[in-house]
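*Asks:* Take this structure first; my questions come after.
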Amino acid sequence: NACSAQLPHLKEEWSWLKEVDSIALQSSLKNLSDAFSRFFKQQNKAPQFKSKKHPVQSYTTKQTNGNISMEGNQIKLPKLGLVRFVKSREVKGRILNATIRRNPSGKYFISILVETEVQLLEKTASAIGIDLGMTDFAILSDGQKVDNHRFTTKMEKKLKREQRKLSRRAQHA
């Protein structure tokens with residue numbers, strides 16, 4: 001919060017900070033704070049800062065007051081305005097944030113996080129219990145065992161190899 005409060009003063013000092021979306025600056029400060037708090041709790045290693053030389057570059061901006069919106073095959077982004085893009089699927093729901101990423105070849109990609117209503121699936125009527133295990137893949141509540149095919153195929157391969165070895169050996173009478 002202290003760093004976010006200093007942003008307006010820093011923008012007056014360095015003009016290049018005005019070129020960037022203010023929400024993106026705030027989210028980067030939040031990510032930095034999270035990284036350092038995890039480092040001091042010894043959950044992560046020390047944070048590594050992004051570089052202009054790093055091939056993958058990205059920034060995230062949040063949706064506030066309709067600053068991110070879809071208009072046909074264009075998306076409205078703060079400080080950039082309308083940007084044309086190829087839509088892979090329709091956006092259904094309320095837009096929460098957008099992440100714009102550039103890959104090493106220079107292509108730009110946008111990931112949009114939306115909040116949607118999820119319809120719950122109806123429960124099945126059968127009351128069969130299933131126990132997943134290590135030796136048997138599954139044991140049903142009526143006692144029926146389903147074989148673990150991974151173990152069986154591994155052992156079949158081993159059996160084939162050993163039978164080939166045995167068939168090459170001479171029998172001593």
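The values are calculated or read from the model by the stated rules, or taken from the named source; none is laboratory data. Keep in mind that what you see is a predicted model, and the values were worked out from it rather than measured. When we count neighbours, we look across all protein chains shown, and the Cβ atoms used for this are built from the backbone with ideal geometry, even at glycine.
*Asks:* Name the residues in the stretch 70-81 that are part of a strand (DSSP E or B) and exposed (fewer than 13 other Cβ atoms within 10 Å of the Cβ), would you?
*Replies:* Hits for the stretch 70-81 are GLU71, GLY81.
*Asks:* If PRO55 satisfies every condition in (1) part of a helix (DSSP H, G or I); (2) touching a Pro at 6+ places or on another chain (Cβ under 6 Å) but one, which is the exception?
*Replies:* The single condition PRO55 does not satisfy is (1).
Matching residues to (1) of a type in the set (Val, Ile, Thr); (2) without any contact (Cβ under 8 Å) to a residue 24 or more places away in the chain; (3) surrounded by 10 or more Cβ atoms within 10 Å (Cβ to Cβ):
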site: ASN1; (1), (2), (3): no, yes, no
site: GLN42; (1), (2), (3): no, yes, no
site: ALA98; (1), (2), (3): no, no, yes
site: SER111; (1), (2), (3): no, yes, yes
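*Asks:* Sticking with this one: For the stretch 33-64, give me the residue count where each residue is aliphatic (A, V, I, L, M) and either at pLDDT 85 or above or touching a Ser or Thr at 6+ places or on another chain (Cβ under 7 Å) (or both).
*Replies:* So the count comes out to 2.
Residue by residue, here is whether (1) under 20 Å from SER27 (Cβ atoms); (2) in the same structural domain as ALA24 (by TED's automatic domain parsing); (3) among the small types (Gly, Ala, Ser) holds:
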position: THR61; (1), (2), (3): yes, no, no
position: GLN74; (1), (2), (3): no, no, no
position: LYS79; (1), (2), (3): yes, no, no
position: ILE95; (1), (2), (3): yes, no, no
position: ALA98; (1), (2), (3): yes, no, yes
position: ARG101; (1), (2), (3): yes, no, no
position: TYR108; (1), (2), (3): yes, no, no
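*Asks:* So, one more: Would you kindly identify the strands (runs of 3 or more DSSP E) lying entirely within the stretch 95-163 that contain at least 3 residues that are modelled with pLDDT of 90 or more and out of contact with any Gly (no Cβ under 7 Å at 6 or more places or on another chain)?
*Replies:* 108-115
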